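All remarks here apply to the structure that follows.
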Amino acid sequence: MRRAPLKRSPAAAPSRTAASRWGGSLLAGLLAAVVYANALHNPFVYDDHDTVLSNPSLTDLSNVRFLFVYSPFRPAVNITYALDRFVWGSGPFGFHLTNVALHAVATTLFCLLLLRLLGDAGLRRGRAAAALLGAALFAVHPLQSEAVGYVSGRSELLCAVWFMASLLAARRAMRSGRVATGAVAAASGLVALASKEVALVLPVIVLAYAWLLGERPAPAAPAGYPTVVQASPGLTPDTSRRRRLLLIFVPLSVLLLSAAIYRLFAFGFLSEGRALETSALNVLTQSIVIWRYIGLLVWPRGQSIMHSVHRVTASADPLALVALGGLALALAVAVRLRRSRPLLTFGTIWFLAVLAPSSSFIPLREGMAEHRVYLASAGLFLIAAGQVAGWLAGAWPSPRVRVGLAAAAGALLVTLGALTVSRNRVWSSPVSLWTEATVHAAGMWEPSYALGDALREAGDCAHAVAAYRTVVELRPAHRDAHTNLGICLAQTGHLDEADRSFRRALEIDPDFARGYTNLGALALVAGDAEAARRYYSQALAHDSGNVLARLQLASLFEHTFKDYHSAARMCGEARLLAPATPGVAECVERNQQLAAARDAGR
């Protein structure tokens, strides 16, 4: 006897949908964590030495005010550094672990956002698979490696987490009309802004969502791309618009734009009245850089911690005009397709708007940096997810085709994930990281200087010499490059060349106390104690707080000149300046005893 089919509980479908939604999103987050597992033991590099290792605000969590004011424009990031230091200590493992966790959270939120955006665009069938693919691309793409695997890239991760949380809350507030949800969106936006200035574009993204995917009807779409969902029952377009402006757009705009004006004054851009021409040229420069970012997203080859950039010096630069025209054309085409392809338009606006703060009027120290694309790339992955969902909704493939598509998507993700794992290995060694940068940032002195320091710290001064020589050729007045070159020349036995390098550093900066201590060290190697004493005395004349010069003079006075009173005095002054210096107290006591014994024997 044939059984009648069981009736499904009304609550079963929503529950299963919620489980599927969270399951796919958590899977994307797990994928994000897996591909960065081999980055957890990577060392601190580059700016990490300033943002973490030399950051005095991280040592005392009770001094909350210092935590905020030490990094006044990104206090949220500094607070997470302090928590890492408190929980994990000063080693890099805990800091990397937090970065990977933040990337996983950002990926999970992005998948949830994709599911909602695809639904808002009327793309129901296949949206779970499309959202998972878009989020997985965001998770494993190797261009994200600089933001995730670089501790100082945390500002991108933290901003992305709160940026997407704000968008999710803003969408919900616009659809529900709840003031509390709008307040959550505004608060999340402020935390995103406290992580990185790129959050200033949140009002633009919210307005773009309201325009393209909010509660507004859309005309019939072409075959294969369903229409946008209609306005929610009980809400007129005018009511929806008022709630959108009052709950989301106006508060976010007021708060974030006020912060932007303050940031510009602090940066000096407004107060110094920088030339409009310089700003316009930077826009042209960045239009070329944006196409390079797109190229790396499509074909991630030639990645580097530092890139050389074509700096535009004339408004008629043909390459810049073509690049700017291409961006304008792409935006115009996307806007033209807004009714039939709202996600294409929204993703394009997202990508360009998020890049705008770092790719617009204010020239930054580094013209191109891969970590700046982290949040912006979500716009392009959103476009990809929308195109896949639109295709699936228009013509649902057969089981065999679906298997083939899944295999192709899996192969793509595995390939990108393998490239990311490989990038993590590059970041595991400062020497390999900066060796790569010297290739992709030809003509820039910074990679060679960083490579020289990495080699010198690794005990390979023989190869560091070549890197420092490159720096002094490109930047002859670089005092520290001459200094470090001299140190490595001395360690490799080229004492005459080392002497010339130290003297060149003093020509550049006559008050450079370290230059005199270096010459003093060379004099000691040459056996000229009198010259060494003269150089160390000159170091003290230019830097009265120089502990090293005092200790070296104390050693000379004790062992060479037998002037125990002067030796005790030098060690005593060093102890006052740096009480934790090893052996300084014993030095004082020993020389006082020697001085007393000599005085008693007279």
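The values are calculated or read from the model by the stated rules, or taken from the named source; none is laboratory data. Predicted, not measured: the structure shown is a model, and the values here were computed from it. Neighbour counts are summed over all protein chains in view; Cβ atoms, including those assigned to glycine, are modelled from backbone coordinates with ideal geometry. Heavy atoms of the whole protein, side chains included, go into the accessibility calculation; ligands, DNA and RNA do not. Shrake-Rupley method; radii C 1.70, N 1.55, O 1.52, S 1.80 Å.
Residues that are at pLDDT below 90 and under 16 Å from the mean Cα position of the chain (by Cα) were ranked within region 41-73; the one that is most open to solvent (accessible area, probe 1.4 Å) is Phe73.
Take the residues in region 126-154 that are among the small types (Gly, Ala, Ser) and open to solvent by 10 Å² or more (accessible area, probe 1.4 Å); name whichever of them is nearest to Arg425 (Cα to Cα). Even if it seems obvious, please write down each step before you answer.
Start the filter on region 126-154 by keeping residues that are among the small types (Gly, Ala, Ser), which leaves 126, 128-131, 134-136, 139, 145, 147, 149, 152-153.
So of that shortlist, the ones also open to solvent by 10 Å² or more (accessible area, probe 1.4 Å) come out as 126, 128-129, 152.
Numbers: Gly126: 36, Ala128: 33, Ala129: 31, Ser152: 17 Å.
Among those that are among the small types (Gly, Ala, Ser) and open to solvent by 10 Å² or more (accessible area, probe 1.4 Å), it is Ser152.
Here region 62-117 is the region considered, the condition is being assigned to a helix (DSSP H, G or I) and small (Gly, Ala, Ser), and the residue that is nearest to Val206 (Cα to Cα) is Ala106.
Within the option set Ala521, Ala526, Ala490, being over 16 Å from Ala574 (Cα atoms), crowded, with 17+ Cβ neighbours inside 10 Å and out of contact with any helix residue (DSSP H, G or I) (no Cβ under 6 Å at 6 or more places or on another chain) holds for one residue only, Ala521.
Which helices (runs of 4 or more DSSP H) sit wholly inside region 350-462 and have at least 1 residues that are modelled with pLDDT of 90 or more and under 21 Å from Val140 (Cα atoms)? Steps first, please.
Values: elements: 373-394, 399-427, 430-440, 445-457.
Qualifying helices (runs of 4 or more DSSP H): 373-394, 399-427, 430-440.
Close Cβ contacts (under 8 Å, 6 or more residues apart or on different chains) running from residues in region 509-525 that are touching a residue at least 24 places away in the same chain (Cβ under 8 Å) and charged (D, E, K, R) to residues that are open to solvent by 20 Å² or more (accessible area, probe 1.4 Å) and assigned to a helix (DSSP H, G or I) comprise Asp509/Arg479; Asp511/His542. With respect to the conditions (1) in a loop (DSSP other than H, G, I, E, B); (2) surrounded by 17 or more Cβ atoms within 10 Å (Cβ to Cβ), Phe346 lacks only one, and its number is (1). Among the residues of region 396-423, just one is within 25 Å of Ala121 (Cβ to Cβ), exposed (fewer than 11 other Cβ atoms within 10 Å of the Cβ) and more than 34 Å from the chain's Cα centre (by Cα), namely Ser398. Only one entry in Leu158, Leu168, Leu200 is under 25 Å from the mean Cα position of the chain (by Cα), assigned to a helix (DSSP H, G or I) and either at pLDDT below 55 or crowded, with 24+ Cβ neighbours inside 10 Å (or both), namely Leu158.
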